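The values are calculated or read from the model by the stated rules, or taken from the named source; none is laboratory data. All values reported here derive from a predicted model rather than from experimental measurement. Neighbour counts are summed over all protein chains in view; Cβ atoms, including those assigned to glycine, are modelled from backbone coordinates with ideal geometry.
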Amino acid sequence: MRQRGLGACLALLSVVAGACASAPRPSPVVQGRGPVTYAIGTRPAPAGSAWPRPERGRPARRQAASGFTTTIESTDPTLKAALARLALAETPQNHLAVAQAYRALLISDTAYNHMKRALALDPSFAQAHDGLARIWRDWGAPHLGLGEAHRAVHCAPDWAPAHNTLGTLLEAVGDPLAARAAYQQALRVDPGATWAADNLGRLTRQLEAAGAQVRTPLGER
């Protein structure tokens, strides 16, 4: 009897010890906060030039010490002001301003949505068509932006940036002669469009170099 009682007590103690060992322990509290992480990529080049392709994405949010979550919409002054104007009046121009602010921050998907909203309000808004063409170019799909670029030129034939944007897309899809014509048209519309002149000069030198290579006999190289 005593041996049975002693065995039961030992079994009970073993169960209690196992339960204590398996109980979860509280996680350590990590204090401190890091900087806001923005979308990865290169910032867009000045208007009118060939733009590098940025990464798509949104800036990460962070938890401030006060417990509130901060976003780029609340910290970037240009975007914040554009969103405030849009809240007061939903116009194509205000949607465009918001889209341009997002695009400058490399948040192209949201910029695209605001461009589309601007066109829903005004289908002939050339700057929004041009903006969509540039976004497709940023995403590495210039062939998908050609239609928007042509619509921008159709809606605003006297607006040099539209011709220049069309030229950059034509050049990107491998039609340098049509691109050169678009740059030339941009300069006819605005002789002071230095970005179109730069694009035209660079492309002309490339075409001349390619032509010289073709004309040079193989034995003279």
**Prompt:** Looking at this structure, is Ala196 of a type in the set (A, V, I, L, M), part of a helix (DSSP H, G or I) and out of contact with any Lys or Arg (no Cβ under 9 Å at 6 or more places or on another chain)?
**Reply:** yes
**Prompt:** In this structure, does Asp122 turn out to be surrounded by fewer than 19 Cβ atoms within 10 Å (Cβ to Cβ), charged (D, E, K, R) and within 24 Å of the chain's Cα centre (by Cα)?
**Reply:** yes
**Residue check, Arg180 under 23 Å from Gln93 (Cα atoms), basic (Lys, Arg) and in a helix (DSSP H, G or I)** = no
**Prompt:** Hey, any hits in the stretch 148-164 for a residue that's in contact with a Leu (Cβ under 8 Å, 6 or more places away or on another chain), closer than 18 Å to Met115 by Cα and not hydrophobic (A, V, I, L, M, F, W, C)?
**Reply:** yes
**Message:** Where the second residue is at pLDDT below 95 and aromatic (Phe, Trp, Tyr) and the first is closer than 12 Å to Ala152 by Cβ and assigned to a helix (DSSP H, G or I) and lies in the stretch 115-139, which pairs have Cβ atoms under 9 Å and are six or more apart or on separate chains?
**Reply:** Arg134/Trp51
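Inspect the stretch 159-176 for any residue being in a helix (DSSP H, G or I) and touching a Pro at 6+ places or on another chain (Cβ under 7 Å) and give the result as yes or no.
If we filter the stretch 159-176 for residues that are in a helix (DSSP H, G or I), which is where we start, we get 160-172, 176.
Checking the rest, the ones that are also touching a Pro at 6+ places or on another chain (Cβ under 7 Å) come to 169, 172.
Within the stretch 159-176, one or more residues are in a helix (DSSP H, G or I) and touching a Pro at 6+ places or on another chain (Cβ under 7 Å).
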**Asked** Considering only the stretch 125-170, how many residues are among the small types (Gly, Ala, Ser), within 24 Å of Thr204 (Cα to Cα) and surrounded by 24 or more Cβ atoms within 10 Å (Cβ to Cβ)?
**Response** 5
**Message:** Need the failing condition index for Pro191 against (1) farther than 26 Å from Asp76 by Cβ; (2) touching a residue at least 24 places away in the same chain (Cβ under 8 Å), just the number.
**Reply:** (2)
